[in-house]
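Colleague: Pasting a structure here, questions to come.
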Amino acid sequence: MKKFLIANWKMQLGVRESRRLAERLVDLLGHRSLPGEVVLCPSFPALTEVVTAIRTSDFKLGAQDIFWQERGAFTGEVSGRDLAELGVSHVMIGHSERRQFFQETDASVNKKIKAALACGLTPILCVGETLKERREGQRDLVLIRQLHDGLQGIILVDHDQLIVAYEPVWVIGTGQAVNPQDVSHAGAVVTQALIDLGWALETRNRVRLGYGGSVDQKNITQFLNAPGMAGALVGGSSLRAEEFVDMVANLA
Ligand code: PGA
């Protein structure tokens, strides 16, 4: 299974800064093929600059969100059709910051995943519990609900792929990752939820699982090697070119 690394630049960089970081990554890694799938997710306004910077490389381009309609009077939204036209191949959906600050719900996540697949994009579905939910012993229930409702009615066909990223909300940006056993447990919960949705093995084979939340140069291997895990979603550490390049090397 191809391992992956997703760089979530959030709203941390300006357009020129994003371009410079992308160029630096291409410089450092050269134009050779990468040992896994590496997806850079800049902010919307930086997408065109970054796609230009990576055009001769093996990096892939991801967006941080998508709207579920393709066209229409939806001021401020961005469609999957436009993302695909720009060269985007992946899109993050349901990141906890969107759930927390922008009223993203499992129902809207579901519509966005369908829209992404319809446009040939690979959705990166982010799931994970808050600290309160974890303390109340709700972790598994939260994951099951987010997966059940988020993936309702979705069928993966042809070249469709899906990435599910387990991102415990309470460790994002803290520098304190969870332990790999926790991550493997979450992976097993995700797999069971897919089985409960009625997804056959052939469909489940199109799904790769990853972990996100304070992943850095020092801890990445334990997450990439955790049973059931195929990749990682990296926020803060993806903004430092040298550190990120070291992490890419771990995909081999
Ligand atoms: P972090 O962010 O690596 O800075 O914790 C991860 C994320 O929010 O996807």
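Colleague: List pairs: first residue in segment 23-42 and of a type in the set (Asp, Glu), second residue assigned to a loop (DSSP other than H, G, I, E, B) anywhere in the structure, Cβ distance under 6 angstrom, at least six positions apart or on different chains.
Modeller: GLU37/LYS2
Colleague: Related question: If you go through segment 217-252, how many residues are in contact with a strand residue (DSSP E or B) (Cβ under 8 Å, 6 or more places away or on another chain) and of a type in the set (Asp, Glu)?
Modeller: Of the residues in that region, 0 qualify.
Colleague: Inspect segment 203-210 for any residue being more than 16 Å from the ligand (Cβ to nearest atom) and free of Cβ contacts under 8 Å to residues at least 12 places away in the same chain and give the result as yes or no.
Modeller: Looking for residues that are more than 16 Å from the ligand (Cβ to nearest atom) and free of Cβ contacts under 8 Å to residues at least 12 places away in the same chain, one finds at least one in segment 203-210, hence yes.
Colleague: Among the numbered conditions (1) within 16 Å of the ligand (Cβ to nearest atom); (2) open to solvent by 60 Å² or more (accessible area, probe 1.4 Å), tell me where TRP68 comes up short.
Modeller: (1)
Colleague: Taking only segment 121-151 into account, find how many residues are closer than 22 Å to GLY231 by Cβ and open to solvent by 60 Å² or more (accessible area, probe 1.4 Å).
Modeller: Pass one, segment 121-151, residues closer than 22 Å to GLY231 by Cβ: 121-129, 139-140, 142-144, 146-147, 150-151.
Among the residues that remain, those that are also open to solvent by 60 Å² or more (accessible area, probe 1.4 Å) are: 144.
Count: 1.
Colleague: A further question on this structure: Only one of these conditions is not met by GLN100: (1) within 28 Å of VAL142 (Cβ to Cβ); (2) in contact with a strand residue (DSSP E or B) (Cβ under 6 Å, 6 or more places away or on another chain). Which number is it?
Modeller: So GLN100 meets the others, but not (2).
The values are calculated or read from the model by the stated rules, or taken from the named source; none is laboratory data. These numbers were taken from a predicted model, which means no experiment stands behind them. Glycine gets a Cβ as well: all are built from the backbone with ideal geometry, and neighbour counts include every protein chain shown. These area figures cover heavy atoms from the full protein model, side chains too; ligands, DNA and RNA do not enter into them. Shrake-Rupley method; radii C 1.70, N 1.55, O 1.52, S 1.80 Å.
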